[in-house]
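Below is one structure, written out as structure tokens; comments come after it.
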Amino acid sequence: MRVMGIDPGLERLGYGVIETVGSEQRVCGYGLVRTEKGQPTPERLKVLYEDVGVLVDRYMPDVLVMEELIFSKNVTTAMVVSAVRGVMMLLAAQKGLWLLEVSPSRVKRVVCGHGRANKSQMQRAVGYILGLSEIPKPDDVADALALAIVGVLYRKLDVKLDV
């Protein structure tokens, strides 16, 4: 089973793919998909759709995991991230992937043991859990790998939990 975590963002979208065989977890790949700041938003969304589509075709995940959108003080940013999430949901549906959405605090609880972990704690915990030789950077990548870890756990439990 392969799980792809996506940390959606318009300028930087983090992704991480984990494969499980029995109780073993192996990192297949991770990184960033970037878009140009000066381009119109629809063009940037198209780039994300196409580039992540190529990654899905390369890694062939069974599951796509994204964070639920938590509205903050910056409504403009939330609206843009919401558009990116919609594009990723469409891609998941078109590729026949099981989609899991998880709250940020749930991801932090699963990976770090508490829901208020900071970025540095998340990066270190992800690196430790996955046995990486370096801490995954930037935090968009670590967050995507953390989402993949949560997706692996949920699929192993083979339950549809209220996340």
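The values are calculated or read from the model by the stated rules, or taken from the named source; none is laboratory data. Remember, it's a predicted structure, so these values are computed and weren't measured experimentally. Heads up: the accessible areas ignore ligands, DNA and RNA and are worked out on the full protein's heavy atoms, side chains in. Shrake-Rupley method; radii C 1.70, N 1.55, O 1.52, S 1.80 Å.
The table for this structure:
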read-out: In order through the range 34-43: 3J(HN,Hα) via Karplus (6.51 cos²θ - 1.76 cosθ + 1.60), integer Hz, x for Gly, Pro; value: 10, 10, 7, 4, x, 6, x, 3, x, 5
read-out: Ellipticity estimate at 222 nm from DSSP helix runs (n ≥ 4, -39,500 (n - 2.57)) divided over the chain, nearest 500; value: -16500 deg cm²/dmol
read-out: Portion, in percent, of the accessible area of the range 82-149 that falls on carbon or sulfur, probe 1.4 Å; value: 49
read-out: Accessible surface of the range 1-59 [probe 1.4 Å, protein heavy atoms]: carbon and sulfur percent; value: 45
read-out: Residue-normalised accessible area of the range 4-163, given per residue in Å² at a 1.4 Å probe; value: 52
read-out: Three-way shape label, the range 40-113, alpha-carbon gyration tensor, a/c 1.5; value: oblate
read-out: Proximal aspartates and glutamates relative to K46, as straight alpha-carbon distance under 15 Å, when same-chain residues fewer than 8 apart are discounted; value: E11, E36
